[in-house]
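What follows is a short report on a single structure.
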Amino acid sequence: MKRIILAGVATLALTGCATSGPIATPSVPAPSPTPTVTASSTPARTATPSSTPKKTTAKPTNSVPTRTPTRTLPPETTDGVIAGAIGQVPQGFTLPDEGRAATGETTAFETTPWRVACLDEVGIAAPALDKLTATRIKASSGPEHVEGNGLLVFADDASAKAFMDQAAAAYAQCPAQGRTDDGGFRPSQKVDAVAGLGEQSIRIGSWWEYSDNGTWVQSPGADLTNLARKGRFVTLTYEGDESTGDPSANPDLTQRAEARIRQMLDQV
């Protein structure tokens, strides 16, 4: 897949500016001759997931640059990083599809950190994360797709609400576009409040654009992250694929995300 940002981390620690934090990779019509995109990626996903894209070399004939979805975290910062397995979540709680076995194209769901971060991979500091008592975050990835789900358990309702408020405010301050890389790609991001999902919910969309002789063109690679709160519990989903443009306008991505959010909220 092209690159995935995911607004999210490696974790909130969200692709994750993955994301949040991270975006699915872009691929856009490229000029003739097609520009060559050299591979470049951020630290391995074990660091912390915030979707940062990897680039693959474009084909010489009329193909478009592509990026591979990954969620990584720069090693020099831990702002906004959430470990994937601490404490004890409610007995019997399960994440969507977490028992699904690996296939030839995708991995099984594996424990992973997630992170709240802007597109430039600057972690978002959320003081309320100090009140986390338990987490369960797992993700599955493949060459064209990445999907993650998680539950964050806070000490009380007020702490969970504070975290949501802090995350929403911080995401709203993130730049609409990130830095343009050497291959001519740049990530874009937006955050919206979502009605009808728990007591509070926000959605962070990330996608790629490509500079075609000075004109910005949407490139395949988009990532959608959702956070929704119910009491002291915050649920998390992120998904990146080869779709183009703002993923919050993509009914397939948004419907899948909402179904997974509701499945988790119904268990807490």
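Read-outs: derived from the displayed coordinates by stated rules, not from any lab. The model shown is predicted, which means the values in this text are computed figures rather than measured ones. Glycine also receives a Cβ, built like all others from the backbone with ideal geometry; neighbour counts cover every protein chain displayed.
Between GLN255 and ASP181, what's the calculated FRET efficiency when r is the beta-carbon distance and R0 is 35 Å? Round to 0.05. The calculated FRET efficiency here is 0.65.
Label sites at THR107 and GLN88, each approximated as a point 7 angstrom past Cα along Cα to Cβ, lie 2.9 nm apart.
With θ taken as phi - 60° and the Karplus curve 6.51 cos²θ - 1.76 cosθ + 1.60 applied, the whole-hertz 3J(HN,Hα) list for the stretch 100-111 is 5, 6, 5, 10, x, 10, 10, 7, 5, 6, 10, 4 Hz, x standing for glycine and proline.
Spin-label model, ASP130 to ARG262: label points 7 Å out along the Cα-to-beta-carbon direction sit 3.8 nm apart. Taking amide H atoms as placed 1.01 Å from N in the peptide plane, the amide H of VAL194 lies under 5 Å from those of SER201, ILE202, ARG203, each 5 or more residues away in sequence or on another chain. Here the label points at ASN213 and ALA172, each 7 Å from Cα along the C-beta direction, are separated by 4.1 nm in the simple model.
Below 8 Å, C-alpha to C-alpha, sequence gap of six or more: please give me the relative contact order for the stretch 97-187 in percent. The value is 27 percent. Working from the Cα coordinates of the stretch 153-268, the gyration tensor eigenvalues give, after taking √(5λ), semi-axes of 30, 16, 9 Å in decreasing order.
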